Amino acid sequence: MILPVAGMSLPVVKTLADCADFSKTVSPFIPQLQTLTQQLFHPTTDFESLKSLYLSTNPLISGFALSLFLAPIFLVVSEFNKNYSQVDRCWSILPTLYNAHFTIWAHLNGLPTQRLDNVLAFSCLWSLRLTFNYWRKGGYSIGSEDYRWEVLREKIPPSLFFVFNVLFISLAQSVLLFSITTPTYVLLLASRLTGNPMTTVDLAFSRGMIALVLLEFFADNQQWNYQSAKKQYQKTAKVPPKYEREDLDRGFIVTGLFSLSRHPNFAAEQTIWVLLYQWCCYETLTFWNWTFFGAMSYLILFQASTWFTELVSSGKYPEYAEYQQLVGKFLPKLTGHGVGELRRRAVVKRDANAAAGKKS
């Protein structure tokens with residue numbers, strides 16, 4: 001079944017597999033990128049003209065254009081302030097903005113939107129959780145910056161760091177936050193053929209992503225509570241309720257979800273966007289499609305970021321190397337004693353130090 005094309009801004013697709021075909025659903029609309037730029041800056045553009053332009057432009061192209069438009073803004077602001085967490089401040093907002101864009105565009109063009117509405121509902125919860133956690137850690141405070149950028153600046157010459165800012169921090173990260181939402185575009189196209197009804201599998205995908213956001217929320221809270229208890233302990237030398245002195249002396253959390261995974265929130269975060277990608281594969285009856293680029297790039301970024309984070313943690317905390325041996329980075333280890341062995345060693349070390357103190 002071929003449905004009418006929305007203002008010639010969507011491809012004519014005959015099969016579900018066509019919805020995932022880059023040559024049919026993306027390539028024909030690339031010229032709109034230049035046209036969109038020219039029309040946006042036309043001196044006679046008014047609200048109605050902008051609305052018409054929005055509805056007549058392929059939503060993938062307009063979303064991509066926004067990600068390109070934001071890159072030089074991130075660059076200028078970061079270089080002016082010498083603070084390179086500008087993309088970080090928008091990280092929790094932009095993917096939901098892009099998902100909202102696809103959903104609103106479909107609504108305004110009278111297309112089936114039930115799947116897109118579910119994606120947007122999940123995405124709003126994802127943004128609320130991440131924005132709240134970033135805020136309470138002081139991420140939106142004036143001058144706040146991810147400590148990893150400072151470490152990198154110390155290791156990279158200023159000229160090369162500027163190039164790194166242009167190509168990666170400002171541009172690549174901005175495009176990446178758009179790329180992870182491109183499966184929503186494929187879902188939009190597939191829904192034109194299949195209609196609105198949500199199947200059991202559709203519900204499993206959407207509810208699965210929401211469940212992963214909840215897992216991230218619990219991991220965030222466990223990390224926050226631990227860090228708060230550690231600060232209180234370091235200030236007063238008194239162990240807060242529900243905590244052990246050895247755990248607070250260690251300097252990093254090893255309890256709760258962190259006894260199963262060194263980075264449970266990172267594991268859930270990567271899985272979320274892989275699930276969205278898998279959802280569009282399922283809907284289009286394909287094993288893989290071009291939106292794989294977004295999900296894979298996200299995985300690569302998190303692998304590199306986690307490696308760098310652990311490199312810093314290993315230099316800061318003497319017992320972190322043991323923690324790495326006993327607990328899996330993302331997935332639980334099926335063999336070994338796990339974090340229980342780490343805590344046992346801490347008790348043995350404490351007792352040995354106490355005994356040595358008595359002898360002296």
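The values are calculated or read from the model by the stated rules, or taken from the named source; none is laboratory data. In this text the structure is predicted, and so the values were computed from the model without any measurement. Note: ideal-geometry Cβ built from the backbone for every residue, glycine included; neighbour counts use all protein chains shown. Remember, those area values only see protein heavy atoms, side chains included, never the ligands or the DNA or RNA. Shrake-Rupley method; radii C 1.70, N 1.55, O 1.52, S 1.80 Å.
Using alpha carbons only, how many degrees (0 to 90, rounded to 10) separate the axis of helix 200-236 from the longest principal axis of the chain?
With both axes taken from Cα atoms, the answer is about 40 degrees.
Taking region 105-152, which trypsin sites (Lys or Arg not before Pro) meet the DSSP loop condition and have no more than 14 other C-beta atoms within 10 Å?
Listed in order of number, the matching sites are Lys137.
I'd like the FRET efficiency for Val163 and Leu33, computed as 1/(1 + (r/R0)^6) with the beta carbon distance as r and R0 of 25 Å, rounded to 0.05.
Efficiency, rounded to the nearest 0.05: 0.55.
With label points built 7 Å along Cα→Cβ from the Cα atoms of Thr236 and Leu40, find their separation and express it in nm.
If labels sit at Thr236 and Leu40, their model points lie 5.3 nm apart.
Under a point spin-label approximation (7 Å from Cα along Cα-to-Cβ), what is the Lys24-Leu334 distance to one decimal in nm?
So the two model labels end up 4.0 nm from each other.
How high is the FRET efficiency between Ala321 and Thr286 when r is their beta carbon distance and R₀ equals 30 Å, given to the nearest 0.05?
So, using R0 = 30 Å, E works out to roughly 0.10.
Quick check on my link table: of Lys137/Lys235; Lys230/Lys316; Lys137/Lys333; Lys242/Lys333; Lys231/Lys316; Lys238/Lys329, which ones sit more than 24 Å apart, alpha carbon to alpha carbon? The partial results should precede the final answer.
Working: Lys137/Lys235 18 Å; Lys230/Lys316 15 Å; Lys137/Lys333 30 Å; Lys242/Lys333 26 Å; Lys231/Lys316 16 Å; Lys238/Lys329 31 Å.
From Lys137/Lys235; Lys230/Lys316; Lys137/Lys333; Lys242/Lys333; Lys231/Lys316; Lys238/Lys329, over 24 Å: Lys137/Lys333; Lys242/Lys333; Lys238/Lys329.
Over the chain, what percent of the accessible surface lies on carbon and sulfur atoms, probe 1.4 Å?
In the chain, the share of accessible area belonging to carbon and sulfur is 67 percent.
From the C-alpha gyration tensor of region 176-303, pull out the three semi-axes of the equivalent ellipsoid (sqrt of 5λ each), sorted largest to smallest, in whole Å.
The equivalent ellipsoid of region 176-303 has semi-axes of 40, 15, 10 Å.
Can you order the peptides 93-99, 238-244, 177-183 by their average number of other Cβ atoms within 10 Å per residue, highest first?
Descending packing order for the listed peptides: 177-183, 93-99, 238-244.
Given a Förster distance of 51 angstrom, what is the FRET efficiency for Lys155 paired with Leu128, based on the Cβ-Cβ distance and rounded to 0.05?
On the way: r = 35 Å, r/R0 = 0.69.
The value I calculate is 0.90.
When only alpha-carbon atoms count, how far does the chain stretch along each of its three principal axes, as whole angstroms with the largest first?
Over the chain, Cα extents along the principal axes are 87, 49, 30 Å.
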